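Trainee: Before anything else, here's the structure in question.
The values are calculated or read from the model by the stated rules, or taken from the named source; none is laboratory data. The model shown is predicted, which means the values in this text are computed figures rather than measured ones. Cβ coordinates were reconstructed from backbone atoms using ideal geometry, including for glycine residues, and neighbour counts include every protein chain displayed. Keep in mind that these areas ignore ligands, DNA and RNA; they rest on the heavy atoms of the full protein, side chains included. Shrake-Rupley method; radii C 1.70, N 1.55, O 1.52, S 1.80 Å.
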Amino acid sequence: MRHIISISDFTKKEIDEIVKGASRMIKHAKEKIAPPQAKTKKKPKVSLLFLEPSTRTLGSFEEAARILGWPTKIISGKEGTSLMKKESLANTVRMMAIQGTDILILRTKEEGTARFAAEILEKSGFEKISVINAGDGANQHPTQTFLDRLTILKELGRLKNFIFGFVGDLKYSRTVHSLLSSFSLEDNVKFKFVSCPETKLPQKYKRNLDYVESDSLEDLKDCDIIYVTRIQEERFTDPLELERVRGKFKITKEVLEGFKKSVKIMHPLPYVDEISPEIRLDKRVIIDKQAWYGIPTRIYLLLWANKKRFEKVEKESLPKIEKEILVDMEIEKYLAKRKKEEKYFRPIRNGVVLDHLPVGTGDKIKKCLIFAKVLKENSVIHLIENVPSRKMKIKDVLILENAFLTEDLYGLIRVIAPQVTFNVLKDGRFKKIKVKLPEKILSFNSLLSCPNKLCITNLDPEAKPKFQIIKVENEKFILKCEYCEREFEREEIIKTI
Ligand code: NCD
């Protein structure tokens with residue numbers, strides 16, 4: 001991996017190593033002198049494509065590049081780009097590559113854009129460009145996590161065994177999402193999440209953490225660190241909801257006095273009114289130091305990304321579909337047996353019968369098969385809907401005569417129709433096959449879609465939905481969009497077509 005896209009792509013060991021590396025850059029950032037590693041044969045070009053406002057992230061990357069002596073190209077705001085002329089993000093990113101970018105730092109309001117940009121670059125033959133995610137909507141902000149962890153390490157002295165409070169907009173704050181993804185139970189950190197019901201932390205970030213939730217600042221009394229966040233106004237779709245949550249939590253002098261004496265107040269910045277001016281320069285409020293740690297952190301991250309550009313990377317391929325053969329017999333025997341039972345459809349000798357499809361999915365799968373071009377000139381599709389079934393009461397059956405499925409279709413259909421059995425009739429044999437739930441599925445555009453309207457898969461015509469299957473509980477599983485990283489139930493992602 002040569003990109004910095006999501007904290008969940010990094011192991012604990014890798015995260016710790018990066019924070020250690022960032023710590024070694026402190027003296028270089030202070031003295032503003034490039035570390036020896038900055039001397040490379042060719043100076044990499046660092047491009048900052050910031051399509052959402054930024055003061056700290058953009059500025060500290062720029063300062064880091066300046067200290068390294070590397071050239072920068074800065075695009076700040078969508079207004080100056082051809083995105084305003086409806087150019088796609090994929091084409092904008094390609095243009096940055098054509099114009100000599102070696103490290104692309106990207107910030108967008110859309111989610112999953114950094115991962116998509118990295119894929120587009122790889123596909124377009126720009127395999128030596130590293131992409132750094134400087135914030136993709138409410139999803140991730142991994143470089144902030146490295147600087148936040150460096151801050152905690154330097155100012156608290158440890159990244160384990162402490163009580164960590166979070167307050168404000170925990171629903172939309174990407175800095176919180178990334179930072180929490182870097183902790184797990186083994187760190188022995190206790191978390192306290194304080195927010196309004198409307199800005200509660202999404203469930204997926206609480207997984208693997210020891211936490212309590214409340215709506216009162218009082219509950220943060222025993223915290224060693226309190227991470228305050230701004231209400232992310234720009235992400236709200238309901239103005240009334242925004243009104244309800246605005247100005248709810250303010251760290252005033254009085255509130256601060258109620259906290260632990262040694263408490264440290266962090267904030268990714270910018271703040272609006274959640275930190276009172278009267279405590280702005282209080283020693284316990286370490287926000288300026290925290291912002292400064294962005295410079296050594298980003299010096300290290302630029303060095304890291306530049307080094308990784310030259311490492312060989314394995315091409316990503318979908319994991320193999322695992323099949324279980326339940327029955328394997330001669331076709332004639334099978335047909336003889338079948339004849340007696342079959343009332344609803346004519347048996348075939350060559351092709352696939354998709355049985356036990358939930359009612360309504362037969363038609364969707366049929367469209368998908370047509371789209372996937374599995375049909376040949378002599379192929380026929382029969383869709384039989386609302387068939388009485390012993391196992392399912394009522395089901396759809398799809399018969400594919402003189403055509404067969406590709407491997408990825410087996411996986412996709414298994415996700416859409418969990419109880420599906422594939423009856424394959426080929427070369428004189430009948431095989432009844434069950435497919436294990438795959439780890440990942442790709443969608444044919446017409447079948448699955450990410451319900452998140454801000455996910456890049458809904459916004460760029462070149463972005464195709466891709467889901468990871470991440471949790472199985474008695475046939476229940478959750479699908480995680482590989483781009484925006486949001487999680488959904490199966491029913492939510494099957495498009496109604
Ligand atoms: C944050 C961001 O953009 O996510 N700022 C930052 O990068 N330091 C937080 C915010 O905007 O509230």
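Trainee: Find which of Val327, Thr252, Thr361 sits farthest along the positive direction of the dipole of the range 235-363, computed with +1 on the beta-carbon of Lys and Arg, -1 on that of Asp and Glu, about the Cα centre.
Mentor: The one lying farthest along the dipole's positive direction is Thr252.
Trainee: On the full set of protein chains, 1.4 Å probe, figure out the accessible area of Glu311 and give it in Å² to the nearest 10.
Mentor: Here the accessible area works out near 90 Å².
Trainee: Still on this structure, please answer the following. Ignoring everything but the protein chains, give the 1.4 Å probe accessible area of Leu159 in square angstrom, nearest 10.
Mentor: Counting only protein heavy atoms, Leu159 exposes about 30 Å² to solvent.
Trainee: Mind checking the angle between helix 331-341 and the chain's longest principal axis? C-alpha axes, 0 to 90 degrees, to the nearest 10.
Mentor: 80 degrees
Trainee: Then there's this: If you average the sequence gap of Cα pairs under 8 Å that are 6 or more apart and divide by the length of the chain, what percent do you get for the contact order?
Mentor: On the way: 962 pairs, mean separation 69.7, N = 497.
It rounds to 14 percent for the chain.
Trainee: A follow-up question, please. Compute the label zone of Tyr344 within the range 404-418: residues whose backbone N is under 12 Å from the point 7 Å along Cα-to-Cβ.
Mentor: none
Trainee: Can you give me the angle between helix 142-156 and the longest principal axis of the chain, using Cα atoms only, in degrees from 0 to 90, rounded to the nearest 10?
Mentor: 40 degrees
Trainee: Using helices alone, I'd like the mean residue ellipticity at 222 nm for the chain: each DSSP H run of four-plus residues gives -39500 (n - 2.57), total over residue count, nearest 500.
Mentor: Values: 16 runs with 150 residues, N = 497.
So the helix-based figure for the chain works out to -8500 deg cm²/dmol.
Trainee: What do you reckon, how do Val353, Val212 stack up by accessible area (1.4 Å probe), largest on top? Please list the in-between numbers first.
Mentor: Details: Val353 15, Val212 80 Å².
I get Val212, Val353, largest accessible area first.
Trainee: Whenever you get a sec, line up Arg280, Arg24 from highest to lowest accessible area (probe 1.4 Å, protein heavy atoms).
Mentor: Working: Arg280 60, Arg24 140 Å².
These residues rank, largest area first, as Arg24, Arg280.
Trainee: Give me Rg/Rg_expected for the chain, where Rg uses Cα atoms only and Rg_expected = 2.2 N^0.38 Å with N residues. Working shown, then result.
Mentor: Numbers: Rg = 26.7 Å, N = 497, 2.2 N^0.38 = 23.3 Å.
That works out to 1.15 for the chain.
Trainee: Sort the following peptides by mean Cβ neighbour count (other Cβ atoms within 10 Å, averaged over residues), highest first: 247-253, 480-486.
Mentor: Numbers: 247-253: 16.7, 480-486: 23.9.
Highest-to-lowest ranking by the protection proxy: 480-486, 247-253.
Trainee: Another question about this same structure. Compute the relative contact order of the range 4-116 as a whole-number percentage, counting only Cα pairs closer than 8 Å that sit 6 or more residues apart in sequence.
Mentor: Numbers: 106 pairs, mean separation 36.1, N = 113.
32 percent.
Trainee: Roughly how far apart, in whole Å, are the Cα centres of the range 318-377 and the range 35-97?
Mentor: Cα centroid to Cα centroid, the span is 52 Å.
Trainee: Return one whole number: the accessible area per residue of the chain in Å², for a 1.4 Å probe. Mind dumping the intermediate values first?
Mentor: Working: 23660 Å² over 497 residues.
Here the residues of the chain average 48 Å² of exposed surface.
Trainee: Among Val93, Gly80, Ala118, pick out the residue whose Cα is farthest towards the positive end of the charge dipole of the range 77-121, where Lys and Arg carry +1 and Asp and Glu carry -1 on C-beta, about the Cα centre.
Mentor: The residue sitting farthest along the positive end of the dipole is Gly80.
Trainee: Compare Arg309, Arg246 by solvent-accessible area with a 1.4 Å probe and give them largest first, with all protein chains kept in place. Kindly include the intermediate steps, with their values, before the conclusion.
Mentor: Details: Arg309 20, Arg246 95 Å².
The ranking, largest first, comes out as Arg246, Arg309.
Trainee: Please give the Cα centre distance for the range 419-438 versus the range 241-258, rounded to the nearest Å.
Mentor: Computed from Cα coordinates, the inter-centre distance equals 60 Å.
Trainee: Something else: Rounded to the nearest percent, how much of the accessible area of the range 233-279 (1.4 Å probe, protein heavy atoms only) is carbon and sulfur? Kindly include the intermediate steps, with their values, before the conclusion.
Mentor: On the way: 1490 of 2770 Å².
Ligands and nucleic acids excluded, carbon and sulfur give 54 percent.
Trainee: Hey, another quick one. Using a 1.4 Å probe on the protein chains only, how many percent of the accessible area of the range 401-497 belongs to carbon and sulfur? Write out the running numbers ahead of the final one.
Mentor: Details: 2080 of 4170 Å².
Its accessible area is 50 percent carbon and sulfur atoms.
Trainee: Under a 5 Å amide H to amide H cut-off, with H placed in plane at 1.01 Å, what residues pair with Tyr211 once short-range neighbours are removed?
Mentor: It is Phe191, by chain and number.
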